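The structure appears below as structure tokens.
FYI, it's all coordinate maths here, none of it is from the lab. Worth saying up front: this structure is predicted, and the values here are computed from it rather than measured. Positions of Cβ are generated from backbone atoms using ideal geometry, with glycine treated the same way; all protein chains shown enter the neighbour counts.
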Amino acid sequence: MSAIYLDCNATTPLEPRVRDVLMHFLTEEFGNEGSRTHAYGARAKQAVQNARDQVAMVVGAQRDEVIFTSGATESNNLALLGLSAAAREQGRCHVITTAIEHKAVLEPCAALEHSGFSVTYLPVTEGGWVDAKAVCAALRPDTGLVSVMAANNETGVRQPLAEIAEALGDHPAYFHTDAAQVFGKEIDMLRNKRIDLLSISGHKIYGPKGIGALIARRRGYERPPLRPLMFGGSQERGLRPGTLPVALIAALGAAAEISQREAEKRRAQCAAVRTQLMAALEPLGPRLTGDQSQVMEHTVNLAFPGLDSEALMVAVKDLVAISNGSACTSASYTPSHVLKAMGLSDDEANACVRISWCHLTESVEWGALADRLRQFL
């Protein structure tokens, strides 16, 4: 019997209904969306447009505000680096972000710094969230972009996007959020019209890997002044050249529509799992990471006194598959920059593990997991 998968913040299982859509467009409706001379191309084009509507509907956007990408990492790069040319022209070369962002935001910010931009990395509270007042205090006349994730992938702590949006008010700076962890899960959170740019990934909402989107909302009649990072075609309004992966796009659309429709049901299922997990582990005295009032229902980041994360994962590897950090930086054994930013010491950060689940997670024998851990404590 294989270990039960509990690493859904890294990637989710493929929803069976989404898999059916994916296979249909891989094997039956395999036309090129750019082919305009036959019905195969026309049906592919219609599938892509339908997916735009499905993705846009989740966040209250319009279909022409959806730019398909390979995932949130590419979307983040397109948002941050794609605005840089216009920012220079407008004299707005200051960026505000946080110390707990995913590397897909922090590394583009570093690239901007190397090209002459000024970047402010805001600290976070011990609870793992950035104070909206700190964002407001960091604003300058030359601030061109504010980028704050919607929820952290390691801790599950939601960020106060609504308060930040209100603090930004009518400041001309664009507001971007890496919404990979909350898209299709926290519906109202992403419908705030002051959020100009949103990055999403299909494989975080029970869709396939290799597909995502950047939602770029218009302000009135003006689109964010994005410039392409790659060249070679006019696809996606000239911002992302290359043949559109129709099957992946259709699957993302299906995943988005289902996620919106079933968000509350899935949230309740995840909350029930959390209750069972905490009831089993509480007698062991775990140290929970982050402000638990702001943590998403499907995530727990914790540590046990005297047991480092590597030893913990080895101890339970035949029971559950869990992680001790972001999958995107798993090759690095340095303490998590997220946990360090929250004030944890190296030893405390190295002791933390993340457990994340979803509505498709198999039933877990939490008592057996607790018994196994008790042997090492």
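A few comments on the model shown:
- Out of every Cα-Cα pair that region 110-257 contains, those further apart than 18 angstrom amount to 63 percent.
- Gaussian network model of the chain, Cα within-10 Å springs - most flexible of Ser199, Ser84, Ser115: Ser115
- The DSSP beta bridges internal to the chain are antiparallel in roughly 55% of cases.
- When the chain is treated as a Gaussian network with alpha carbon springs shorter than 10 Å, the biggest mean-square fluctuation among Thr27, Thr155, Thr69 belongs to Thr27.
- Across region 14-60, the convex hull enclosing all Cα atoms gives 75 Å³ per residue.
- At q = 0.12, 0.13, 0.20, 0.26 Å⁻¹ the log10 of I(q)/I(0) for region 283-377 amounts to -0.38, -0.45, -1.10, -1.64, computed by Debye summation with a single uniform scatterer per C-alpha, solvent ignored.
- Percent of Cα pairs in the chain per distance bin of 20 Å, from zero to the largest separation: 29, 56, 15, 0.
- Overall, the anisotropy analysis places region 1-86 in the oblate class: the square-rooted eigenvalues a ≥ b ≥ c of its C-alpha gyration tensor yield a/c not less than 1.5, with a/b not exceeding b/c.
- Pairs of lysines in region 16-261 (C-alpha under 19 Å apart; 8 or more residues apart or interchain): 5
- Contour minus Cα-Cα distance for Asp7 and Arg36 (0.36 nm per residue): 6.2 nm
- Exposure proxy ranking, count of Cβ atoms within 10 Å, fewest first, for Phe231, Phe30: Phe231, Phe30
- Fewest-first ranking of His24, His337, His38, using other Cβ atoms within 10 Å as the exposure measure: His38, His24, His337
- Integer Hz, Karplus 6.51/-1.76/1.60 couplings in order for region 178-192, x for Gly and Pro: 7, 9, 4, 7, 10, 4, x, 10, 10, 5, 5, 4, 9, 8, 5
- Modelled FRET efficiency - R0 35 Å, Arg227 with Asp188, Cβ distances, 0.05 increments: 0.65
- Residues in region 242-251 carry Karplus couplings, in order, of x, 4, 5, x, 4, 4, 5, 5, 4, 5 Hz; the curve used is 6.51 cos²θ - 1.76 cosθ + 1.60 with θ = phi - 60°, and Gly or Pro positions show x.
- Here the Gaussian network model covers the chain, with springs between Cα atoms less than 10 Å apart; of Asn32, Asn76, Asn324, Asn32 fluctuates the most.
- Measuring r between the beta carbons of Asp308 and Asp142 and using R0 = 41 Å, the FRET efficiency lands at 0.40.
- Placing a pseudo-label 7 Å from each Cα along the Cα-to-Cβ vector at Asp318 and Glu89 gives an inter-label distance of 6.3 nm.
- Scanning residues 5 or more positions from Gly212 or on other chains, those with amide H under 5 Å from its amide H are Thr69, Ser70, Gly71, Gly202, with H placed 1.01 Å from N in the peptide plane.
- Counting neighbouring Cβ atoms within 10 Å and putting the fewest first, the residues Met296, Met57 line up as Met57, Met296.
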